[in-house]
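The values are calculated or read from the model by the stated rules, or taken from the named source; none is laboratory data. As the structure is a computational prediction, the values presented were derived from the model and not from experiment. Cβ sites come from the backbone with ideal geometry, for glycine too, and all protein chains shown count toward neighbours. Side chains are part of the model used for accessible areas, which takes the heavy atoms of the whole protein and leaves out ligands, DNA and RNA. Shrake-Rupley method; radii C 1.70, N 1.55, O 1.52, S 1.80 Å.
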Amino acid sequence: MSSTSSAPTATSTNPGNADFKSLGCYKDGADKAVSPFLFRTTSDTMTVDTCLTYCKDKGTTYAGIEYRRECYCGNIIASDATANANGCTLTCMGKTTEYCGGSFQMNVYKLIKASSPSTTSKSSASSTAKSSSTLSTSTISLYQTTPSATGTPTSGFYSLGCYAEPSGPTPKPWAQILASDNMSPEACISAAQAKLTANPPVTYRVLGLEDEYGAGGG
């Protein structure tokens, strides 16, 4: 008696759906490839369809998926974003047979069919938002180089505490400088200080950490 086993399903780029088509992989420039992004959500069960549904419900032209679990919605592809066919190599946290960007690499999708969100679409997007971090509910830890009234600095940066981010379509006023599964204030500050010797050099006076993965500076 013999038995056969099916071959493992290969990982591929999701081509999109009836509403969005894939534009391929883009490398972030100074900020996200879809930038300024108007809406953002993260989820440990992220899939391409989850992100596309979310951005369709928000009414944006582009949807971008990065670092396995981050979804960005906006109406512009940043001018300094560059196509990078081999850059998106991380699988989606919610579906390992499809790609969801990479580190500073984004799978970008463009709206091809504008329509009013269905009741099912609204319900799905609402459920996704409740189970993930969104602009209306996320918080960010801030650090600055100016001495604070209290506290000991970490490598020259003083903690300003934790802040709730504003609700609604509010683009980030700074660029992401690090994405890591091992994020810490020290790692963020070290990445910011490394920019001082970049060409051209960049100086950050305020840093922010959120979602356990991302760090940005301004």
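Report note on the peptides 17-24, 62-69: ranked by the mean count of other C-beta atoms within 10 Å, highest first, their order is 62-69, 17-24.
If DNA, RNA and ligands are ignored and the probe is 1.4 Å, what is the ranking of Thr152, Thr82, Thr53 by accessible area, most exposed first?
On the way: Thr152 120, Thr82 70, Thr53 40 Å².
So, going from the largest accessible area down, we get Thr152, Thr82, Thr53.
Amide H contacts under 5 Å for Leu160: Leu142, Tyr143, Gln144, restricted to partners 5 or more places along the chain or on a different chain, H placed in the peptide plane at 1.01 Å from N.
The label-point distance for Cys162 and Thr89, in a model that sets each label 7 Å from Cα toward Cβ, rounds to 3.5 nm.
Protection proxy ranking for 87-94, 32-39, using the average of other Cβ atoms within 10 Å per residue and placing the highest first: 32-39, 87-94. Evaluating 6.51 cos²θ - 1.76 cosθ + 1.60 at θ = phi - 60° for every residue in the range 38-50, the Karplus couplings come out as 9, 9, 8, 9, 10, 7, 7, 10, 5, 9, 4, 4, 4 Hz, glycine and proline recorded as x. For the range 48-103, the square roots a ≥ b ≥ c of the C-alpha gyration tensor eigenvalues yield an a/c of 1.5 or more together with a/b not exceeding b/c, which makes the shape oblate. You can think of it this way: the chain between Asp44 and Val202 has 53.7 nm of extra reach, that is 0.36 nm per residue less the Cα-Cα gap. Decide, for the range 1-83, between rounded, prolate and oblate: order the square roots of the alpha carbon gyration tensor eigenvalues as a ≥ b ≥ c, take rounded if a/c falls under 1.5, and otherwise choose prolate if a/b is larger than b/c, else oblate. Prolate.
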